[in-house]
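Notes follow once the structure below has been shown.
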Amino acid sequence: MTPIKLIMADEWRFWKRTRLAVSVIFMGIALTLVAAIVNTVEMQHATHEREHLQHTSESRFLEQPDRHPHRMVHYGHYVFRTPAPLSIIEPGVDDYSGSSIFLEGHKQNTPMFAEQGQASGMTHFSNLTPSFLLQVIVPLFIILVGYASITREKEAGTLNIMLTQGVSLWSLMLGKLFALAGSGLLMLVPLVIAVIWAASNGEALLTSLSFVFGYLVYILIWSGIVIAASAMHKRSSASFTTLVGLWIVLCILTPRIASTGASAIAPTPGKLETDFIVTKELEKLGNGHNVSDPAFDQLKQELFSKYNVDKIEDLPFNFRGTAVQIFEEKLTTVLNEFAEQRMAEELNQALIARQFGWLSPTTAMRSLSMVIAGSSIETHHRFLREAETLRYDFVQSLNKIQTDDMTYEDDMKGYDDPASRVESSNWELLSTFSFKPDSASTRVARSLPYAAQLLFWLLLVGLSMRLALRRVS
């Protein structure tokens with residue numbers, strides 16, 4: 001057996017004898033396993049519930065009786081964002097961004113059902129998802145298990161004995177590192193089982209393997225940090241204090257500073273301020289429900305000239321439908337400009353926060369985890385865009401029915417008059433909405449900068465271990 005394997009085996013024997021490490025490892029496995037099971041059940045429930053609600057919403061829209069088409073524009077429709085399979089481990093922004101939107105004419109509503117939309121950063125502690133445990137709690141467990149790996153040998157005087165017996169310092173450190181990383185990998189077992197379950201439920205093999213590989217590197221980074229710190233100190237108490245301080249800085253403070261710093265570096269206007277600006281812009285478009293609005297005077301004159309008529313009643317189509325079509329088009333253009341601006345600002349803040357991954361492996365791992373799982377803000381923005389496309393299509397299709405299938409005279413009779421209604425078969429224009437996460441190649445390509453951050457930390461830890469080696473020498 002090589003010296004490295006002997007040291008690994010000896011380390012495991014020591015942990016088994018003291019029972020403290022075994023208890024911590026067992027606690028880590030139990031916590032991640034329970035979190036994975038609970039989160040899987042919750043996400044499965046959420047998936048089935050949203051699919052059911054989506055189907056129910058579409059059915060109720062199609063089951064509406066004969067109505068005036070503009071009443072259906074305001075009857076509206078709901079769309080739901082179904083969680084990605086890997087959300088059972090990494091819910092990402094799902095709990096904060098909302099998962100459903102009510103679509104209707106003349107509006108772009110914000111997502112609803114954001115359970116913790118107003119939550120503070122510390123509320124993460126009440127949400128023990130598998131990803132949170134693996135990114136924040138498991139490093140603490142690794143510290144508890146391995147903070148005395150090298151200092152224990154120094155304090156007992158066995159380090160010099162091993163060196164005089166020909167055991168190299170590199171063999172000693174690598175043996176301790178692999179033993180400690182092995183304890184961390186045991187805590188990853190529930191994650192691997194959950195990923196296999198996600199893969200069996202539609203997750204791509206590429207993203208599944210990338211997801212697991214990212215966490216393997218993360219465990220190795222923290223194992224290396226612990227071994228390097230233990231090698232640099234003479235006393236276990238000093239090693240423990242240093243490592244707990246590092247854990248607080250890297251796992252708690254830096255991610256919090258990242259989100260706060262991103263908001264300070266790239267501030268965004270508040271909702272009330274934005275709503276006021278949008279309202280002022282929309283007022284310039286006129287009122288789509290009022291054909292006498294001056295905003296339509298030029299349009300009317302152009303149509304009168306084109307069809308050689310003097311009044312809107314003589315036009316070969318329903319001008320009320322045309323007016324609302326044009327109004328919806330202009331309104332959507334304005335709303336989309338503000339929506340794209342807001343999404344660009346949100347993405348910019350997220351990208352700034354992710355740059356703190358160069359300062360914290362936890363931030364890097366969190367970014368990579370959310371992007372690969374398909375629960376990042378990029379995926380949420382695509383949901384908003386696809387929902388808006390559906391909204392615009394069905395609203396404009398209803399407006400077109402009002403234009404082509406109704407006369408101006410019938411339209412003026414009011415919504416309650418049977419003459420102003422169209423057959424309910426027209427509601428079949430509504431497209432089925434089914435939201436899927438980005439392709440595996442897109443998510444993996446998007447995660448490469450954060451994979452580079454993890455590799456940077458791996459290199460940094462390697463250099464730290466080399467520096468610690470010289471210090472021990």
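The values are calculated or read from the model by the stated rules, or taken from the named source; none is laboratory data. All values derive from a computational prediction rather than experimental measurement. Every residue, glycine as well, gets a Cβ built from its backbone with ideal geometry; the counts of neighbours run over all protein chains shown. Just so you know, the surface numbers come from the protein's heavy atoms only, side chains and all, with ligands and any DNA or RNA stripped out. Shrake-Rupley method; radii C 1.70, N 1.55, O 1.52, S 1.80 Å.
A single member of T47, T110 is open to solvent by 60 Å² or more (accessible area, probe 1.4 Å) and at pLDDT below 90, and it is T110. Residues that are surrounded by 13 or more Cβ atoms within 10 Å (Cβ to Cβ) and among the hydrophobic types (A, V, I, L, M, F, W, C) within the range 421-453 comprise V422, W427, L429, L430, F433, F435, A440, V444, A451, A452, listed in sequence order. Does the range 436-451 contain at least one residue that is hydrophobic (A, V, I, L, M, F, W, C), at pLDDT 90 or above and farther than 19 Å from L86 by Cβ? The answer is no, given that none of the residues of the range 436-451 is hydrophobic (A, V, I, L, M, F, W, C), at pLDDT 90 or above and farther than 19 Å from L86 by Cβ. Is there a residue in the range 352-359 that is over 19 Å from the mean Cα position of the chain (by Cα) and modelled with pLDDT of 90 or more? Within the range 352-359, one or more residues are over 19 Å from the mean Cα position of the chain (by Cα) and modelled with pLDDT of 90 or more. Listed here are the helices (runs of 4 or more DSSP H) enclosed by the range 262-381 that have at least 1 residues being open to solvent by 50 Å² or more (accessible area, probe 1.4 Å), hydrophobic (A, V, I, L, M, F, W, C) and under 30 Å from F394 (Cα atoms): 271-283, 319-354.
Collect the residues in the range 141-167 that are at pLDDT 90 or above and either farther than 18 Å from A231 by Cα or aromatic (F, W, Y) (or both), keeping them in residue-number order. Answer for the range 141-167, where residues must be at pLDDT 90 or above and either farther than 18 Å from A231 by Cα or aromatic (F, W, Y) (or both): F141, Y147.
Each row is one residue, and each column tells you yes or no for (1) in contact with a Ser or Thr (Cβ under 9 Å, 6 or more places away or on another chain); (2) more than 30 Å from Q135 (Cα to Cα); (3) of a type in the set (A, V, I, L, M).
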residue: V249; (1), (2), (3): yes, no, yes
residue: G261; (1), (2), (3): no, no, no
residue: K271; (1), (2), (3): yes, yes, no
residue: E283; (1), (2), (3): no, yes, no
residue: N287; (1), (2), (3): no, yes, no
residue: L299; (1), (2), (3): yes, yes, yes
residue: L303; (1), (2), (3): yes, yes, yes
residue: F319; (1), (2), (3): yes, yes, no
residue: Q325; (1), (2), (3): yes, yes, no
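Listed here are the residues, each with its yes/no results for (1) touching a helix residue (DSSP H, G or I) at 6+ places or on another chain (Cβ under 7 Å); (2) over 30 Å from T322 (Cβ atoms); (3) hydroxyl-bearing (S, T, Y).
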{"site": "E11", "(1), (2), (3)": "yes, yes, no"}
{"site": "L20", "(1), (2), (3)": "no, yes, no"}
{"site": "V38", "(1), (2), (3)": "no, yes, no"}
{"site": "H48", "(1), (2), (3)": "no, yes, no"}
{"site": "E63", "(1), (2), (3)": "no, no, no"}
{"site": "R67", "(1), (2), (3)": "no, no, no"}
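L220 meets all of the listed conditions (1) assigned to a helix (DSSP H, G or I); (2) at pLDDT below 95; (3) open to solvent by 50 Å² or more (accessible area, probe 1.4 Å); (4) in contact with a Leu (Cβ under 8 Å, 6 or more places away or on another chain) but one, namely (2). Just a yes or no: is a residue in the range 159-178 open to solvent by 20 Å² or more (accessible area, probe 1.4 Å), closer than 30 Å to A440 by Cα, out of contact with any Pro (no Cβ under 8 Å at 6 or more places or on another chain) and touching a residue at least 12 places away in the same chain (Cβ under 8 Å)? No - not one qualifying residue is present in the range 159-178.
Just one of the numbered conditions (1) touching a helix residue (DSSP H, G or I) at 6+ places or on another chain (Cβ under 9 Å); (2) farther than 30 Å from I248 by Cβ is not true of L351: (2). Any residue in the range 18-25 that is without any contact (Cβ under 8 Å) to a residue 12 or more places away in the chain, open to solvent by 70 Å² or more (accessible area, probe 1.4 Å) and either closer than 19 Å to S223 by Cβ or in a helix (DSSP H, G or I) (or both)? No: zero hits. N39 meets all of the listed conditions (1) open to solvent by less than 30 Å² (accessible area, probe 1.4 Å); (2) modelled with pLDDT of 90 or more; (3) under 30 Å from I88 (Cα atoms); (4) not acidic (D, E) but one, namely (2). Determine whether the range 75-91 contains at least one residue that is open to solvent by 40 Å² or more (accessible area, probe 1.4 Å) and either at positive phi or at pLDDT below 90 (or both). Scanning the range 75-91 turns up no residue that is open to solvent by 40 Å² or more (accessible area, probe 1.4 Å) and either at positive phi or at pLDDT below 90 (or both).
Only residues that are of a type in the set (A, V, I, L, M, F, W, C) and over 20 Å from L209 (Cα atoms) were counted in the range 362-387, giving 4. Taken over the range 71-98, the residue count meeting the criterion of being of a type in the set (A, V, I, L, M) and farther than 23 Å from L390 by Cα is 3. The single condition among (1) over 30 Å from D94 (Cα atoms); (2) in contact (Cβ under 8 Å) with a residue 12 or more places away in the chain; (3) part of a helix (DSSP H, G or I) that A148 does not satisfy is (3). What pairs can you find where one residue is in the range 66-78 and over 27 Å from G98 (Cβ atoms), the other is in a strand (DSSP E or B), and their Cβ atoms are less than 6 Å apart, with a gap of 6+ or different chains? Close Cβ pairs (under 6 Å, with a partner that is in a strand (DSSP E or B)) amount to P69/V422. Consider V472 carefully, then state whether it is open to solvent by less than 60 Å² (accessible area, probe 1.4 Å), of a type in the set (V, I, T) and at pLDDT below 90. In short, yes.
If the condition is being farther than 21 Å from L331 by Cα and either under 34 Å from the mean Cα position of the chain (by Cα) or β-branched (V, I, T) (or both), then the range 391-418 contributes only T407.
Residues in the range 401-420 that are surrounded by 17 or more Cβ atoms within 10 Å (Cβ to Cβ) and assigned to a helix (DSSP H, G or I): I401, Q402, T403, Y408, D410, D411, S420. Looking at this structure, is S230 crowded, with 23+ Cβ neighbours inside 10 Å, in contact with a Phe, Trp or Tyr (Cβ under 9 Å, 6 or more places away or on another chain), small (G, A, S) and at pLDDT 90 or above? It is true that S230 is crowded, with 23+ Cβ neighbours inside 10 Å, in contact with a Phe, Trp or Tyr (Cβ under 9 Å, 6 or more places away or on another chain), small (G, A, S) and at pLDDT 90 or above.
Selection over the range 181-204 of residues that are among the polar types (S, T, N, Q), at pLDDT 90 or above and open to solvent by 70 Å² or more (accessible area, probe 1.4 Å) gives a count of 1. Residue selection: A148 satisfies the criterion of being open to solvent by 10 Å² or more (accessible area, probe 1.4 Å), in contact with a helix residue (DSSP H, G or I) (Cβ under 8 Å, 6 or more places away or on another chain) and closer than 21 Å to C251 by Cα.
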